[in-house]
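Comments concern the structure below.
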Amino acid sequence: NNLEWSYREIANQNGCDQVIVITDSSTADCFMHIYNADGSKVEMCGNAARCVGYLTMLEKDTEYATIELVNNRILECFKVSDKFIKVNMGKPLLKWHEIPLSIECN
């Protein structure tokens, strides 16, 4: 679709691997959309979450922010110091059958 094409065009820059879009959320401080350079959607990016958390905290003038993701997860972001943001991303998925894949594998 045209939206995916526009993300591919935006990401068609030297070193750009993802495009992050921040929108309103009814359950968190903001909603973070993540698109790969090819226009495909991504569920999580820790570095992007820290950046979005930082920007949200700046805007709210607070040291805590929440971010909603496409998979209905809510991330909690904390300001540790002026230069460090901590994001609670939940428990990692370590078992093979728990890890989401783009194609079904055995």
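A short reminder: the numbers here are calculations on the coordinates, not readings from a lab. As the structure is a prediction and not an experimental result, all values here were calculated from the model. A quick note on method: Cβ atoms are made from the backbone with ideal geometry, for glycine too, and the neighbour counts reach across all protein chains shown.
When only DSSP loop residues count, what trypsin sites (Lys or Arg not before Pro) in the chain have their Cβ near at most 10 other Cβ atoms within 10 Å?
LYS83, LYS95
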* Structure fact -> For region 2-98, the dipole about the Cα centre with charges only on Cβ (Lys and Arg +1, Asp and Glu -1), to the nearest 20 debye, works out at 340 debye
* Roughly speaking, what is the stretch gain from SER81 to LEU93, that is 0.36 nm per residue apart minus the C-alpha to C-alpha distance, in nm to one decimal? -> 1.5 nm
* **Cross-link partners of LYS41 among aspartates and glutamates (Cα-Cα below 20 Å; sequence separation of 8 or more within a chain)** => GLU4, GLU9, ASP17, ASP24, GLU68, GLU98, GLU104
* Structure fact -> Any lysines whose Cα falls less than 17 Å from that of LYS86, other than same-chain ones fewer than 8 residues away, would be LYS60
* **Loop GluC sites (Glu not before Pro), the chain (other Cβ atoms within 10 Å of the site Cβ: 15 or fewer; DSSP)** => GLU43, GLU63, GLU104
* Using only the Cα atoms, what convex hull volume per residue in Å³ does the chain have? -> 137 Å³
